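A quick write-up on the structure given underneath.
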Amino acid sequence: MLWQRVLSALVGIPLVVLAVWYGGIPLLGLTGLIVILGLREMDLMLTRLGLNPSLLLAVSGGLILIGGSYLYNDGYPGPTLTIILFLHLIATVALYPRYTLLDSAGTLMGTMYVGLLSYFYLLRTLPDGWIWVIFTLVGTWSCDTAAYFVGKTFGRRRIAPVLSPKKTVEGAIGGLGGSILIGLLFALIYPFLPMSKMLLLGLALGVAAEVGDLLESAFKRQAGVKDSSTLIPGHGGILDRIDSTLFTAPLVYYFIMLFIKDMR
């Protein structure tokens, strides 16, 4: 219902904005909480696929990723990936046959997928990090919103009829236009940001947002569910809200590291 969506937004958006503004531990804590809730939803979907995932291992891996993001100041904590992989391999040996290779693979995939949200925190650690976090959020939301309204008004050709029958080519193009517009606006508001690179980043962000949305649709389609959960009234689950951000946050982070970080 519309009032549920509005109420959820009125509660959730200020919370996110405050965490982004303060950064540090508040943002790290919020990111960790969202990761844990997202991993729970992923665990439920994997279970519906006939697997026997380990929520304990998934949450442990997610917290290791979040903790590593805090401890490593020079970027994404690569060593944590080795630790998480070893935990899954050891569990596969120790718990076999109750916990099989397929169970381990599903749990590991879910952990790394939802754990991509750690880039949301890492963006804030960059110079002018709060700008980049807001850009990522606004760009992602603008892409989703523009795709919805353009697709609803002009949509004719289905872009992925098996995965998401309501999504159209016209809507996807509209979504790219929305994210490019945000890139343009940020370049105008912050003159130290190069216009050409912000337009390119806006385009890349739009592509990443739409791919992330389709990927979660694939998870839900295979699991036979409409929403990842009913946690957020009027919106579905945590994964339904962050599916695009799981792709856009890493993309923006590495784009900045490669092309923009030292330009101010």
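The values are calculated or read from the model by the stated rules, or taken from the named source; none is laboratory data. If you're wondering where the values come from, they're calculated on a predicted model, not measured in any experiment. A quick note on method: Cβ atoms are made from the backbone with ideal geometry, for glycine too, and the neighbour counts reach across all protein chains shown.
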| message | I'd like to know if the range 219-239 contains one or more residues that are closer than 27 Å to residue 131 by Cα and in a helix (DSSP H, G or I). | response | yes
| So is residue 223 in contact with a helix residue (DSSP H, G or I) (Cβ under 6 Å, 6 or more places away or on another chain), of a type in the set (A, V, I, L, M) and closer than 18 Å to residue 123 by Cα or not? | no
| query | What residue, of 209, 187, 160, 204, is crowded, with 16+ Cβ neighbours inside 10 Å, under 30 Å from residue 50 (Cα atoms), at pLDDT 95 or above and among the hydrophobic types (A, V, I, L, M, F, W, C)? | reply | 209
| query | Condition test on residue 40, is it part of a helix (DSSP H, G or I), out of contact with any strand residue (DSSP E or B) (no Cβ under 7 Å at 6 or more places or on another chain), of a type in the set (D, E, K, R) and modelled with pLDDT of 85 or more? | reply | yes
| message | Checking the condition in a loop (DSSP other than H, G, I, E, B) and crowded, with 23+ Cβ neighbours inside 10 Å, which residue from 127, 53, 97 passes? | response | 53
| note | Subset of the range 204-229, residues hydroxyl-bearing (Ser, Thr, Tyr) and farther than 10 Å from residue 41 by Cβ, comes to 217
| note | Taking the range 130-157 and the residues there that are crowded, with 16+ Cβ neighbours inside 10 Å and touching a strand residue (DSSP E or B) at 6+ places or on another chain (Cβ under 8 Å), the one that is modelled with the highest pLDDT would be 151
| message | Please verify whether residue 87 is buried (at least 16 other Cβ atoms within 10 Å of the Cβ), farther than 30 Å from residue 189 by Cβ, over 18 Å from the mean Cα position of the chain (by Cα) and touching a residue at least 24 places away in the same chain (Cβ under 8 Å), treating the condition exactly as stated. | response | yes
| Test result for residue 30, without any contact (Cβ under 8 Å) to a residue 24 or more places away in the chain, within 19 Å of residue 250 (Cβ to Cβ) and in contact with a helix residue (DSSP H, G or I) (Cβ under 8 Å, 6 or more places away or on another chain) | yes
| task | Report, by residue number, each residue of the range 224-244 that is aliphatic (A, V, I, L, M) and either crowded, with 18+ Cβ neighbours inside 10 Å or under 13 Å from residue 113 (Cα atoms) (or both). | result | 231, 232, 238, 239, 242
